[in-house]
């Protein structure tokens, strides 16, 4: 074997061997326990980043160690290949999104292969391939039949210049991110999936430990995030009657303005009602009020999400219309509020300024009445400032509320529901923050929605035998709208019902559709006749899912919903897709910048600067190491602290550069050792170098001891007579192995690496005497080290395992059994106890491990003959000897 560790050679040899064996191809095997471990599929952006390296190495360590334990383990990979970034790149580079996407996939796949990941590439999927998205279309059609999917209107952000719908994050200060045009809110038709139909079931598995599908293997904070997003609210829906008629003379909305509230106990404090700008009452009032009409137009410019409305300035305008309070008969003025969404509930809210923070601010701004109707003992009510106690449901008691006075919150809500029901104006109701999933996107690079529009027949589903509706891959977006609208070969088609000329739907599906079930397609990736089949029955549910916390809500929620739909359509037998979830921490690095003469920000790579620290060692700034452009060496640079790696901030690390310099095993070892998987990882160049030095030590030890190790690979140590030092080493080895096995079970891979380092230290410190026994202990220790290190650093472990002769005797490392702790090795012949004299530490005493109390006492007294200990007794005989078993012995003189 080569005495020097050359990562490029070692890794090329190992990967060549695995490829020749097709080592990672996995098939269903009823005779072995299965384990399905999957990382969230990446978007093919062009290059892997260190977050990818960390995610996939976590998965790889899990996969490899479980395979050694006898599991049939699946680790697949694919590409979340549709989406807007590809269209943006196409506009910038003048190439079709397909070309950009497939090129990136090829490059990133090569990077993954260079990392030595144990991926079964025979199961690879790309969501932009027709054989994949055919099943998006097929299931959509099944949802249409089942009433889970339906066509209805939706309010969207419309860019009048680019002629396209924008996502909320593409609206910046009310303008389109590309064109700069004022964005309009438009109500256009689109397709929705009825996820709210599954809200109770989705909530139970994250919020109720008694639920049979409770996700106990998920992080608590992710369950809570899902619970809050689903947002179950129990309250009262009731109406404010009115006599407002439209142009046709009929009562608008049958003369009832409905609202929903969880705080019906505050109903006597209503001083106004607010409706959405699109509400029929707002439209009616604006017809004769130019100022109100202009305000409604202003409200139409901006985002459409609850989060955006929560942060924007609350504005309103009175309509001049009044509705009747259902319990008091008082007239209540109707306002238009920019913070009210038509898509939430009935598009109207009751305003109770005394007991709702948002309503309080609105009332103070527009000088509306504030009327106290609940009180908390010991608290003083004020109309001058908001106080948190106003919303304390547990302590609130109704006041100034007629027949509700004296009732607590829960009793008052029940009473209001009873009164409303008696009047035929309302009832108790459960509502959800969760909204049905709008999947229509007015974009090109996505799954075509399989609908054909006919002037006579309306919206007609594409016949299943005509699937997939194939997306043309040669179009180039130019910013003037969806290019499918200009593609005659795609657009023009005969109506499946009547045969007359018709037009294909040009909206494509939300890309969350693609990622909601890809993990099930991995189970049956090549089946042309079924979305899922026998493979899904074997592998699902997934045993371990790994990905970023940024996907904790929408992706996971949609995947759970999609799974339940597939279950109800009899495609699968599981209700939850992911048994365990690990959200790995982000990879962070230092950020350095300076303000340019023109006011911009220029970022610098960490290797370009030298830190400046204060007297405590805290970094307070930096300076350029060498001249850069017009900046001389020594130029002061600002230090912004630690942040997520980003190309734009020049603080990223290219995994390929790392692999080229140190090898993939070093990159893998560092990202596993630097931090527990679920915590953030701070990048450290010296840490990378330290990881590389450790691997060089492992290789050097193997090369140095190669003769001893090869000679003893087949030696059986059970019952062998070993000298004392060898027994001590074996005990240390198996203690470390026991801890590493435990750490593998809990996926604490940083401490697994620590264990490997302890094991190497112990092996290096051992001085063999050339005997067969010493050689056998060294051989066993190296075997334990290589098997424990292998999941993190498979290349160097494979190379040493083969070169040192283990493969010839034990078999290939890939399939070598996980080592078992030898409990006999942990038994000590002697133990060392702390020796105290008159309660003070004075030394130690060795006794046989089987020594009883009398023997320990005798050994302690005998030890006092040592001159170094005798000086502490001053020649006095022992009065008493106290033994604490396994710990210490105290001699009292």
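Any read-out appearing in this document is the output of simple, stated calculations on the displayed coordinates, not a laboratory observation. Not measured: the values here are computed from a predicted model. For neighbour counting, all protein chains shown are included, and Cβ atoms are generated from backbone atoms with ideal geometry for every residue, glycine included.
Quick notes on this structure:
- Unit Cα scatterers, Debye sum, the stretch 100-237: log10 I(q)/I(0) for q = 0.13, 0.19, 0.20, 0.21 Å⁻¹: -1.12, -1.12, -1.10, -1.10
- Contact order, relative form, for the stretch 232-430: 27 percent (alpha carbon pairs under 8 Å, 6 or more residues apart, mean separation divided by residue count).
- Estimated translational diffusion coefficient (Stokes-Einstein, Kirkwood radius over Cα pairs, 25 °C, 0.890 mPa s) of the stretch 830-892: 215 µm² per second.
- Within the stretch 20-122, all pairs of alpha-carbon atoms sorted by distance into 10 Å bins from zero give the percentages 14, 40, 27, 14, 4, 0.
- Å³ per residue enclosed by the Cα convex hull of the stretch 232-430: 118 Å³
- Cβ-Cβ FRET estimate between residue 812 and residue 874, R0 fixed at 41 Å, reported to 0.05: 0.05
- Order of 457, 779 under a 10 Å beta carbon neighbour criterion, fewest first: 457, 779
- For the chain, a Kirkwood radius taken over Cα pairs fed into Stokes-Einstein (37 °C, viscosity 0.692 mPa s) yields D = 99 µm²/s.
- Cβ-derived FRET efficiency at R0 45 Å, residue 700 paired with residue 69, nearest 0.05: 0.90
- Relative to the longest principal axis of the Cα atoms of the chain, the long axis of helix 554-568 lies at roughly 80 degrees.
- Residue order for 744, 444, 344, 749, fewest other beta carbons within 10 angstrom first, comes to 344, 744, 749, 444.
- Radius, Kirkwood style, for the stretch 560-684 when every pair of distinct Cα atoms is counted (Å): 18.0 Å
- Considering helices alone, the calculated mean residue ellipticity of the chain at 222 nm is -10500 deg cm²/dmol, with DSSP H runs of length four and up weighted by -39500 (n - 2.57) and normalised per residue.
- Legend: ranking of residues 798, 453 from fewest to most surrounding C-beta atoms inside 10 Å; resulting order 453, 798.
- Angle in degrees between helix 853-863 and the longest Cα principal axis of the chain, rounded to the nearest 10: 60 degrees
- Overall shape: prolate for the stretch 339-465, with the ratio a/c of the largest to smallest alpha carbon gyration tensor axis at 1.5 or above and a/b above b/c.
- Placing R0 at 35 angstrom, the Cβ-Cβ distance between residue 131 and residue 92 gives a FRET efficiency of 0.75 after rounding to 0.05.
- Pairs of Cα atoms nearer than 8 Å and 6+ residues apart set the relative contact order; for the chain it is 13 percent.
- Helix axis angle, 794-803 relative to the chain longest principal axis, alpha carbon, degrees: 30 degrees
- Evaluated at q = 0.30 Å⁻¹, a Debye calculation over the C-alpha positions of the stretch 587-644 (equal weights, vacuum) places log10 I(q)/I(0) at -1.30.
- Separation of alpha-carbon centers, the stretch 257-286 and the stretch 364-406, rounded to whole Å: 20 Å
- Summary value for the stretch 492-558: 24 percent relative contact order, contacts being C-alpha pairs under 8 angstrom separated by 6+ residues.
- Taking the average, over residues, of other Cβ atoms within 10 Å as the packing measure, peptides 553-565, 10-22 rank 553-565, 10-22 from highest down.
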